Amino acid sequence: MKAAAIYGGTFDPVTYGHLDLAKRGIEIFDNLILAVAESRSKNPLFTLEERIEILKEVVRDMPGVEVDGFNGLLVDYARSRGAAVVLRGLRAVSDFEYEFQMALTNRKLDGHIETIFMMPKEEHSYMSSHILKEIVRLGADVSCFVPPFVKKKLEEKLITTQVDRL
Ligand code: COA
């Protein structure tokens, strides 16, 4: 099975969990497009441009992995890139219901696009970007969850935000 796949997400910011999934994805697909969604409703900490810049930096040594941004429906974006597969991570049983809804909705929207699930390493199964941001704000060292470049960007952003609020 060699083709292009889309791994979509907000990536606010990317963590080792996302990178683990991307590494698994590129073992199976020729090209893996990390598609950064604007996700305005999630009120991301980083702008779309910043999230793209951060992701590009952390995947630059991963051949076959591309980073792009998109607005609108994931299936429309996938079609526009000639990809017939959407890759998603299943970290725990609690992810299942949401992922099930998204996969079936995407199938209804475009029956030619298939969702494939992979499981990241169990050590990444409990992490999510909002918990990560909370613990950085509270002064925790997050080196075990994100690459050094992401840690630096998080600290810069959160310290600036906190100073602005004082
Ligand atoms: N390791 C660590 N954390 C992970 C992870 C992994 N492998 N996979 C997901 N997460 C975390 C994310 O960091 C995120 O954390 P947060 O909610 O605390 O910020 C959380 O799990 C949810 O991430 P994800 O499942 O990727 O959702 P998302 O909101 O980031 O992205 C989109 C979902 C963008 C793919 C989806 O909303 C979409 O397709 N949007 C486009 C519009 C559209 O087509 N809508 C219809 C879809 S049916």
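Summary of values
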{"read-out": "Normalised contact order of the chain, rounded percent, pairs of Cα under 8 Å and 6 or more residues apart", "value": "27"}
{"read-out": "Cα-projected label distance for LYS42 with GLU57, points at 7 Å along beta-carbon direction, nm", "value": "1.9"}
{"read-out": "Charge-dipole axis of the chain as Lys and Arg at +1 and Asp and Glu at -1 on Cβ define it, positive-most pick from SER129, GLY25, PRO148", "value": "SER129"}
{"read-out": "Residue pairs, from the table LYS56/LYS157; LYS23/LYS157; LYS56/LYS151, whose Cα atoms sit over 23 Å apart", "value": "LYS23/LYS157"}
{"read-out": "Max mean-square fluctuation residue, GNM over the chain, Cα-Cα springs under 10 Å, options SER129, SER39, SER80", "value": "SER80"}
{"read-out": "Low-density loop positions, chymotrypsin sites (Phe, Trp or Tyr not before Pro), the range 97-142 - DSSP coil, at most 16 other Cβ in 10 Å", "value": "TYR126"}
{"read-out": "Cleavage-rule hits, trypsin sites (Lys or Arg not before Pro), the range 61-166, DSSP coil, Cβ neighbours within 10 Å at most 14", "value": "LYS121"}
{"read-out": "CD proxy at 222 nm, helix term only [per DSSP H run n ≥ 4: -39500 (n - 2.57); per residue of the chain; nearest 500]", "value": "-14000 deg cm²/dmol"}
{"read-out": "From phi via Karplus (6.51, -1.76, 1.60), per-residue ³J(HN,Hα) for the range 63-76 in Hz, x at Gly/Pro", "value": "x, x, 9, 10, 10, 8, x, 8, 10, x, 6, 4, 5, 5"}
{"read-out": "Restricting the range 1-51 to trypsin sites (Lys or Arg not before Pro) in coil, as DSSP defines it, with at most 12 other Cβ within 10 Å", "value": "LYS2"}
{"read-out": "Radius of gyration, Dmax [the range 1-151; alpha carbons; angstrom]", "value": "14.8, 46"}
{"read-out": "Charge dipole magnitude, Cβ of K and R +1, D and E -1 - the range 57-166, Cα centre, debye nearest 20", "value": "160"}
{"read-out": "Linear extension gain, LEU138 paired with PHE96, 0.36 nm per residue minus alpha-carbon span", "value": "12.1 nm"}
{"read-out": "Difference of contour (0.36 nm per residue) and Cα-Cα distance, GLU50 to LYS152", "value": "35.4 nm"}
{"read-out": "Beta bridges by DSSP in the range 4-125, antiparallel share as percent, to the nearest 5", "value": "0"}
{"read-out": "Estimated vicinal HN-Hα couplings, Hz - the range 96-106 in sequence order (Karplus 6.51, -1.76, 1.60; Gly, Pro = x)", "value": "4, 4, 5, 5, 4, 4, 5, 4, 6, 5, 4"}
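Each reported figure results from applying straightforward, stated rules to the coordinates on display, with no laboratory input. Please read all numbers here as calculations on a predicted model, not as lab measurements. In this analysis, Cβ positions are derived from the backbone assuming ideal geometry, glycine residues included, and neighbour counts consider all displayed protein chains.
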